[in-house]
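The structure under discussion appears below in the form of structure tokens.
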Amino acid sequence: MFNKKQPDAGSFTRLVEQRRSSRSYLSKQPPREWINEMLNCARWAPSPSNQQPVRFVLVESEKIKSDLKNALEEGKEHLLALVDEKGCSKKLKNQIRYYFRHSSFAFTAPCLFAAGLSKKKEGFTARLARDGLIEEMYLSDTSDHIALGLALDNFILKGTELGLGTCILTAPLLFLKHSRQWPVFPGMTLTNFITAGFPDKAPAVTSRKPVTEIFRIV
């Protein structure tokens, strides 16, 4: 039975508007019970046929962090060499360096999580495709990534409520070879990293498109 207590009508809106992508943190570690609360909220996110494919890994090993950062550096140098080899623009080189700089902070953040999708049982879409009733399999991946997005949303909004800053990063995967099957995350297809901690400054408010630009009635 649902709780009949009426919540503060604006509390969730304020929470959403307060969320920021934080890339600079205090050295203080968040309490482990807070992390557990964030994970608990993530696990309540809906998923196709309740298969719950989303997985989180908290990376605490300094060796693994170092290995990941070194792999990131190697990947950056590899891309820069390819730019020279293929005669691409200097602007592209600068973009590679920019995204590298905005990825490497993750390995000094108080908490670094890897997130991804587990190998799962055959779902409804896969069954239809296997039996020749539909041709496309893309819906299966789409459904899983929607589930991932919903879980991440619950995770970071709970962090915001607790006073933590977070940042979701996909750019590191551009620099990591075989990034989606990193060996320290067995049984999980890596999709992104997430940092969390007490922010040492409030990131600037970013602009948002008006509702009239993202919505229409047909």
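Exactly one residue among Val83, Val16 is farther than 25 Å from Thr166 by Cβ and in contact with a helix residue (DSSP H, G or I) (Cβ under 8 Å, 6 or more places away or on another chain), and that residue is Val83.
For every residue, the table says whether it meets (1) β-branched (Val, Ile, Thr); (2) within 15 Å of the chain's Cα centre (by Cα); (3) exposed (fewer than 15 other Cβ atoms within 10 Å of the Cβ).
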{"site": "Glu62", "(1), (2), (3)": "no, no, yes"}
{"site": "Glu77", "(1), (2), (3)": "no, no, yes"}
{"site": "His102", "(1), (2), (3)": "no, yes, yes"}
{"site": "Arg130", "(1), (2), (3)": "no, no, yes"}
{"site": "Glu135", "(1), (2), (3)": "no, no, yes"}
{"site": "Ser143", "(1), (2), (3)": "no, no, no"}
{"site": "Ala147", "(1), (2), (3)": "no, yes, no"}
{"site": "Ile156", "(1), (2), (3)": "yes, yes, no"}
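For Ser49, the criteria (1) touching a residue at least 60 places away in the same chain (Cβ under 8 Å); (2) surrounded by fewer than 13 Cβ atoms within 10 Å (Cβ to Cβ); (3) within 17 Å of Asp153 (Cβ to Cβ) hold in every case but one, which is (3). Where helices (runs of 4 or more DSSP H) sit wholly within the stretch 43-143, those with at least 2 residues that are of a type in the set (D, E, K, R) and either at pLDDT 90 or above or closer than 24 Å to Ile168 by Cα (or both) occupy 62-86, 90-104. The sole residue among Thr195, Thr189, Thr170, Thr160 that is touching a Lys or Arg at 6+ places or on another chain (Cβ under 6 Å), at pLDDT 80 or above and within 24 Å of Tyr99 (Cβ to Cβ) is Thr189.
Number of residues in the stretch 104-123 that are out of contact with any Leu (no Cβ under 8 Å at 6 or more places or on another chain) and surrounded by 13 or more Cβ atoms within 10 Å (Cβ to Cβ) equals 6. Met38 meets each of the listed conditions (1) in a loop (DSSP other than H, G, I, E, B); (2) buried (at least 16 other Cβ atoms within 10 Å of the Cβ); (3) among the hydrophobic types (A, V, I, L, M, F, W, C) apart from (1).
Whenever a residue of the stretch 11-24 is at negative phi and part of a helix (DSSP H, G or I), it has no partner that is open to solvent by 60 Å² or more (accessible area, probe 1.4 Å) and aliphatic (A, V, I, L, M) lying with C-beta atoms less than 7 angstrom away and at least six residues away or across chains. Each residue in the stretch 197-218 was checked for being among the hydroxyl-bearing types (Ser, Thr, Tyr) and either open to solvent by 100 Å² or more (accessible area, probe 1.4 Å) or touching a Phe, Trp or Tyr at 6+ places or on another chain (Cβ under 9 Å) (or both), and 2 pass.
Which of the residues spanning the stretch 195-218 are under 23 Å from the mean Cα position of the chain (by Cα) and either among the aromatic types (Phe, Trp, Tyr) or in a loop (DSSP other than H, G, I, E, B) (or both)? Of everything in the stretch 195-218, those that are under 23 Å from the mean Cα position of the chain (by Cα) and either among the aromatic types (Phe, Trp, Tyr) or in a loop (DSSP other than H, G, I, E, B) (or both) turn out to be Phe198, Asp200, Lys201, Ala202, Pro203, Ala204, Val205, Thr206, Ser207, Arg208, Lys209.
Here Gln95 meets the list (1) closer than 29 Å to Gln29 by Cβ; (2) open to solvent by less than 90 Å² (accessible area, probe 1.4 Å) almost entirely, failing just condition (1). The single condition among (1) over 16 Å from Ala196 (Cα atoms); (2) open to solvent by less than 40 Å² (accessible area, probe 1.4 Å); (3) charged (D, E, K, R) that Asp84 does not satisfy is (2).
Selection of first residues in the stretch 27-46 that are basic (Lys, Arg) and of second residues that are open to solvent by 60 Å² or more (accessible area, probe 1.4 Å), restricted to Cβ pairs under 9 Å at least 6 apart or on distinct chains, gives the following pairs, ordered by first then second residue: Arg43/Gln52. Cβ separations smaller than 9 Å between residues 6+ apart or across chains give no pair from the stretch 149-166 residues that are free of Cβ contacts under 8 Å to residues at least 24 places away in the same chain to residues that are surrounded by fewer than 16 Cβ atoms within 10 Å (Cβ to Cβ).
The values are calculated or read from the model by the stated rules, or taken from the named source; none is laboratory data. Nothing here was measured: the structure is a model prediction, and the numbers come from that model. Ideal geometry is used to build each Cβ from the backbone, glycine not excepted, and the neighbour counts take in all protein chains shown. The protein model used for the area step is the full one, side chains on, heavy atoms only, and it has no ligands, DNA or RNA in it. Shrake-Rupley method; radii C 1.70, N 1.55, O 1.52, S 1.80 Å.
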